[in-house]
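Colleague: Before I ask anything, let me first share the structure, which is written out below as structure tokens.
The values are calculated or read from the model by the stated rules, or taken from the named source; none is laboratory data. Keep in mind that this is a model prediction, so the values were computed, not measured. Note that we place each Cβ from the backbone using ideal geometry, even for glycine, and neighbour counts take in every protein chain shown. Side chains are part of the model used for accessible areas, which takes the heavy atoms of the whole protein and leaves out ligands, DNA and RNA. Shrake-Rupley method; radii C 1.70, N 1.55, O 1.52, S 1.80 Å.
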Amino acid sequence: MSQDNPIIRIATRKSALALWQAEFVKAELEKHHANLTVELVPMSTQGDKILDTPLAKIGGKGLFVKELEVAMMEGRADIAVHSMKDVPVEFPDGLELHTICEREDPRDAFVSNNFKSLADLPQGAIVGTSSLRRQCQLKAARPDLEIRDLRGNVNTRLAKLDAGEYDAIILAAAGLIRLEMPERIADFIAAEDSLPANGQGAVGIECRSDDETTKTLLAPLEHTETRYRVLAERAMNRKLQGGCQVPIGAFATVEGETLTLRGLVGALDGSVILQHTLAGNVANAEQIGEQVADNLLSQGADKILAEVYGN
Ligand SMILES: NCc1[nH]cc(CCC(=O)O)c1CC(=O)O
């Protein structure tokens, strides 16, 4: 890579959301560096190919990132842009998560053509989500609801709702906002009612650990407050050994120097919801995450998670 005419190649999935995120990072990089060329290298991942099986059943962490990481290690790409929610807690040797960009709205969104909010749903209504985290919280609040699996990218999920397969579906607000469909959000679900997933709404950038040139170029995209929040949330998940398909919520906020992390582990049928909230200095973000995890484990989170993984 020549210093005068640097180029950054972005490995990206081909879904509308992944492409939006890659285009966003490309535009930010070009805004900060006048001579920089940024190219997209679109590719399919295992997670994109296996669409007919509930993700919890096929398991395997990082179904959506492996191909992107191989491309970076083989030098066919320099960075990968991820929804932090989908990024495994550990990184392969030689790669690291270098940059965390400013977070979009982290809340879950209630999406429906006929109903205004969760509270507005009639008894026994059918709600689409494949997220175990959303499922357990929905069942805890409304045991009468029937939760049905809903896979595919954002547009596929909306098409299934429009076809009448569900009374409502739950999606991340961030995805709908980024894809310029905010009018699809009938209601933003408060974090207290549906605790978001770790990293939800945040975009992260992975690169080779030894690629100092790229790291320097990425520096202006870093957002410190988002980093602290995501560090705390991911530390909690790591301690619970949670992948991305688990009934675990982790959501941090920052007020001045104080970070507050709320964690949740739930049984799939909503019969048990364990929660813990802890505040501390932002500098201790990861310790706060681990302490919340320890508390949840002491309440019995390990038993709930073992049951989920065993299924
Ligand atoms: N699991 C898929 C996924 N990964 C990231 C988002 C949304 C955007 C984000 O959280 O950054 C979504 C869709 C959804 O959960 O509705």
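Colleague: How high is the relative contact order of the chain, in percent, with contacts defined as C-alpha pairs under 8 Å that are six or more residues apart?
Modeller: Computed value for the chain: 20 percent relative contact order.
Colleague: Let me ask you something else. Counting other Cβ atoms within 10 Å, keep those with at most 14, restrict to DSSP loop, and tell me which GluC sites (Glu not before Pro) in segment 253-311 are left.
Modeller: Those that pass, being in a loop and sparsely packed, are Glu257.
Colleague: Take the Cα radius of gyration of segment 54-205 and divide it by 2.2 N^0.38 Å, with N its residue count; two decimals is plenty.
Modeller: Expressed relative to 2.2 N^0.38 Å, the Cα Rg reads 1.13.
Colleague: May I ask which residue of Ala77, His223, Asn198 lies farthest towards the positive end of the charge dipole of the chain, with charges of +1 (Lys, Arg) and -1 (Asp, Glu) on Cβ and the Cα centre as origin?
Modeller: Asn198
Colleague: May I pose another question? Normalised by the empirical 2.2 N^0.38 Å for globular proteins, what value does the Cα Rg of segment 144-202 take?
Modeller: Cα-based Rg divided by the globular estimate yields 1.15.
Colleague: Also, quick follow-up: Using the Cα atoms of segment 70-134 to build a convex hull, what is its mean projected area in square nanometres?
Modeller: 7.1 nm²
Colleague: In Å³ and rounded to a whole number, note down the convex hull volume per residue for the Cα atoms of segment 189-279.
Modeller: Residue-normalised Cα hull volume stands at 123 Å³.
Colleague: Could you work out the local net charge near Thr129, counting Lys and Arg as +1, Asp and Glu as -1, over the other residues with Cβ closer than 13 Å to its Cβ?
Modeller: Local net charge: +3.
Colleague: Let me ask something else. Percent antiparallel among DSSP beta bridges with both residues in segment 107-181, to the nearest 5?
Modeller: Of the beta bridges lying entirely in segment 107-181, close to 45 percent run antiparallel.
Colleague: Ignoring ligands, DNA and RNA, how do Phe188, Phe110, Phe91, Phe251 rank by accessible area with a 1.4 Å probe, largest first?
Modeller: Sorted by accessible area, descending: Phe188, Phe91, Phe251, Phe110.
Colleague: Now for a separate question. Heavy atoms only, probe 1.4 angstrom, no DNA, RNA or ligands counted: give me Glu165, Glu180 ranked by accessible area, highest first.
Modeller: Glu180, Glu165
Colleague: Now for a different question. Order the following by accessible area, largest value first: Lys215, Lys26. Probe radius 1.4 Å; ligands, DNA and RNA are ignored.
Modeller: From most exposed to least exposed: Lys26, Lys215.
Colleague: Run down the lysines and flag those whose C-alpha is under 28 Å from the C-alpha of Lys49, throwing out any fewer than 8 positions away in its chain.
Modeller: Once the sequence-local lysines are set aside, what remains near Lys49 is Lys14, Lys26, Lys57, Lys61, Lys66, Lys85, Lys160.
Colleague: When the helix-only estimate is applied to the chain (DSSP H runs of n ≥ 4, each -39,500 (n - 2.57), divided by the residue count), what is the mean residue ellipticity at 222 nm, nearest 500 deg cm²/dmol?
Modeller: -9500 deg cm²/dmol
Colleague: Sticking with this one: If you fit an axis through the alpha-carbon atoms of helix 224-239 and take the longest principal axis of the Cα set of the chain, what angle between them do you get, 0 to 90°, nearest 10?
Modeller: Once rounded, the angle reads 60 degrees.
Colleague: Per q in 0.16, 0.18, 0.19 1/Å, what log10 I(q)/I(0) does a Debye calculation on the alpha-carbon atoms of segment 123-252 return?
Modeller: Values returned for q = 0.16, 0.18, 0.19 Å⁻¹ are -0.93, -1.10, -1.18.
Colleague: Can you grab the distance from the C-alpha centre of segment 141-220 to the C-alpha centre of segment 266-294, Å, no decimals?
Modeller: If we compute the Cα centre of each part, the gap is 21 Å.
Colleague: Let me ask you something else. What do you get when you divide the Cα radius of gyration of the chain by 2.2 N^0.38 Å, with N the number of residues?
Modeller: Ratio of Rg to 2.2 N^0.38 Å for the chain: 0.99.
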